[in-house]
Amino acid sequence: MFVKENVIYLSIMKIFYKLPVLFLLFIPVSLSAQKSWSLEECIKYAWDNNLIVKQKEISVYQSKNNVLQSKMDYIPSVNASLSHSMNWGRSVNMQDLEIIENKLSQSTSASLNASIDIFEGLKKTNTVKSKKVLEEMSELEVTRIKNQLSLQISKGYLEVMLAKEILQTAKQNLVSIEEQVARTGKLVDAGSVAYSSLLEMKSQLAAERVQVVSAQNQVRSALLNLKQLLDLSNDTNFEIETPDLGVMISEFHGESVDNLYTRSKDLPEIKSASLNFRNSQLLLSIAKGSSYPSISFSAGYGTYYSDQREELIMDQFNDNRNPSVTFGLRIPIFNNWQTNTSIKNARLGVRSAEIDVRTAEQTLYKEIQQANNDALAYFEKYKAGIDNVKSMEESFRYVQQKFEIGILNATDYTVAKTNLFKAMSELSQAKYQFVFQLKILDYYKGLPITL
């Protein structure tokens, strides 16, 4: 029995000893399985979690409530009242109008009233229309904020990709310089080159290491900026996908500005300005409605009871019934010029809103012109960058060959290497700038922003 228990104990201990090893094996799998975010996922997350978007969505619900309230204003207002009073001292007997001295008297009254506006210059009708317009404008504001977020996140996303590409180039240069330092050391040992060449190469190696560190910092900074745009916490593990942008880049000759402008008329900035103009016209109609006569109708029913009368309470309620029906006509004659002032200001509001529409259209057209021009400029810069990199690579290969056989000093090699890295970095920047401009043009076309 004792031997059997020892065997079981040893088996359990072996399992516990193996657990840390299994755990360490599991960690790389978990880390490698960490999901990278696509641009579309970043944009969707921002739409769902951005606080400004949530705040604007609350405004939409408030606008819907205002529309409902404007419709409910058509319904008659109904009010009921009930009161009970007690009096000490002198009072009047309501039955025979006899004055009663120093006696407690009580009375109860009840009433029900309803009123409705039959005609009030169509102010309620125009108010409903105005509230609906404001509701649509609040929805467009949500769309506008989401569009801005999409462009900001796209820019931040591409900046991360650019920083990673420059880091990769810097690492490749570092490896190349390390190899050249090793070769130069051998050449120095063989007496083919001077020792000063090795010192210069080591100096260049240190500079390349600094360049890698700087590129790493730029990647961290770009990732932090993107995380802040997404409102992610600092301790959130966050990585992005790096799709191949080469398939997106083709020959580009610019877009038709007029066609882009026509397709962008549905952007929230333009539609909101047009709706604001429509709302200003409705506000003018509402202001004019105050100058028209208004007709109202009201009906009421009241009764009361007094303990100074001998009849029973229900009999008194029945006998003291007081139904009423009232038709009212209100004719505005003079109200300190307030109506005229409101109408004049409303007319000015219409003119101002009309100018706002034209301003929004002009601004949009200029933005499209600038975006199209920038896209052309960055594409030309990208094409020139490709030629420049090819030329620098050829030049560097020639310099490298001469340096390796000892007929070129380390200074010329370092200059050629630096020029190649600069050309490659500028090409990467031009590529991502051009891609971002393409995304802006897609935005004006009404297309979703994707990579």
Once the in-chain neighbours fewer than 8 apart are removed, the lysines whose Cα is under 20 Å from LYS35 read LYS44, LYS164, LYS227
Taking the alpha-carbon distance from LYS381 and a cut-off under 16 Å, which lysines remain once sequence neighbours fewer than 8 residues away in the same chain are dropped?
LYS390, LYS422, LYS431
Considering only DSSP beta bridges where both residues belong to the chain, give the percentage that are antiparallel (nearest 5).
95 percent
Within segment 259-368, list the GluC sites (Glu not before Pro) lying in a DSSP loop whose Cβ has at most 10 other Cβ atoms in a 10 Å radius.
GLU310
Computed for the chain: size of charge dipole around the Cα centre, +1 on C-beta of each Lys and Arg, -1 on C-beta of each Asp and Glu, debye to nearest 20, value 500 debye
How big is the charge dipole of segment 349-451 about its Cα centre, in debye rounded to the nearest 20, if each Lys and Arg gets +1 on its Cβ and each Asp and Glu gets -1 on its Cβ?
100 debye
Cα lying deepest toward the dipole's positive end in the chain, options MET314, THR143, THR418, charges on Cβ:
THR418
Exposed loop sites here are chymotrypsin sites (Phe, Trp or Tyr not before Pro) in DSSP loop states with at most 13 other C-beta atoms within 10 Å. What is the longest stretch of the chain lacking them?
89-333
Checking the cross-link filter: which lysines have an alpha carbon closer than 30 Å to that of LYS71, excluding same-chain neighbours under 8 positions apart?
LYS54, LYS56, LYS123, LYS124, LYS129, LYS131, LYS132, LYS271, LYS288, LYS344
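Only the coordinates and a few stated rules stand behind these numbers; no lab work does. Since the structure is predicted, the reported quantities are computational estimates derived from the model, not experimental observations. Methodologically, a virtual Cβ is constructed for each residue, glycine included, from the backbone with ideal geometry; neighbour enumeration extends over all protein chains shown.
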